[in-house]
Amino acid sequence: MPPKQSLRLGPLPALLGYRLRLAQQAVFRDFGATVSDLSPGRVGILLLIEANPEVTQSRLAQAVGLDRSTMVGVLHALEAQGLVERRRGADRRTNGLLLTPSGRVLVAGLKRRIRAHERRVASRLTAEERGQLLRLLAKLAGK
């Protein structure tokens, strides 16, 4: 059997989208191996609810870029797992979201594992490079 030839990548290595996708895949693989309880998206939602007690589901959907109907399904799943609860808001038309006691315990454990994950995926970067990368990614995202 002949040796495998390297696949020529053409213009791909010079494309931001290509490099971002490769980096995202590597980070998500490590996240899955380290944090695997929930998807990165659901972990992000739990972290946002923790940081913003009684946030409305429409505000949360806006923050994570999900349409409201998708957010409803995600929240139903998190409620069914006993991680999130809804409380009627002051104007009775909105519900505020809170972590349940089980949700708070889970998030505390997730945060410890996320810190280890972050240290590992950033281990090839200096602190200055990590900060620069975060600033550049925010700039690309328009944030």
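The values are calculated or read from the model by the stated rules, or taken from the named source; none is laboratory data. If you're wondering where the values come from, they're calculated on a predicted model, not measured in any experiment. FYI the Cβ positions are ideal-geometry reconstructions off the backbone, even for glycines, and counts take in every protein chain you see.
List of remarks:
- Helices (runs of 4 or more DSSP H) contained in the stretch 1-88 and holding at least 2 residues over 23 Å from residue 101 (Cα atoms): 16-35, 57-64, 68-80
- Of the residues 8, 86, the single one that is at pLDDT below 95 and surrounded by fewer than 12 Cβ atoms within 10 Å (Cβ to Cβ) is 8.
- Residue match in the stretch 95-103 (condition: part of a helix (DSSP H, G or I), free of Cβ contacts under 8 Å to residues at least 12 places away in the same chain and either more than 30 Å from residue 17 (Cβ to Cβ) or over 13 Å from the mean Cα position of the chain (by Cα) (or both)): yes
- Close Cβ contacts (under 7 Å, 6 or more residues apart or on different chains) running from residues in the stretch 21-40 that are more than 19 Å from residue 124 (Cα to Cα) to residues that are assigned to a helix (DSSP H, G or I) and among the hydrophobic types (A, V, I, L, M, F, W, C) comprise 35/43; 35/110; 35/114; 37/106; 37/110; 40/28; 40/31.
- In this structure, residue 110 does not satisfy being under 21 Å from residue 29 (Cα atoms) and touching a Gly at 6+ places or on another chain (Cβ under 8 Å).
- Condition check for residue 62: more than 30 Å from residue 130 (Cα to Cα), out of contact with any Gly (no Cβ under 6 Å at 6 or more places or on another chain) and surrounded by fewer than 17 Cβ atoms within 10 Å (Cβ to Cβ): no
Results for (1) under 15 Å from residue 112 (Cα atoms); (2) under 14 Å from the mean Cα position of the chain (by Cα), shown as yes or no for each residue.
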site	(1), (2)
16	no, no
21	no, no
24	no, yes
28	no, yes
31	yes, yes
38	yes, yes
42	no, yes
53	no, no
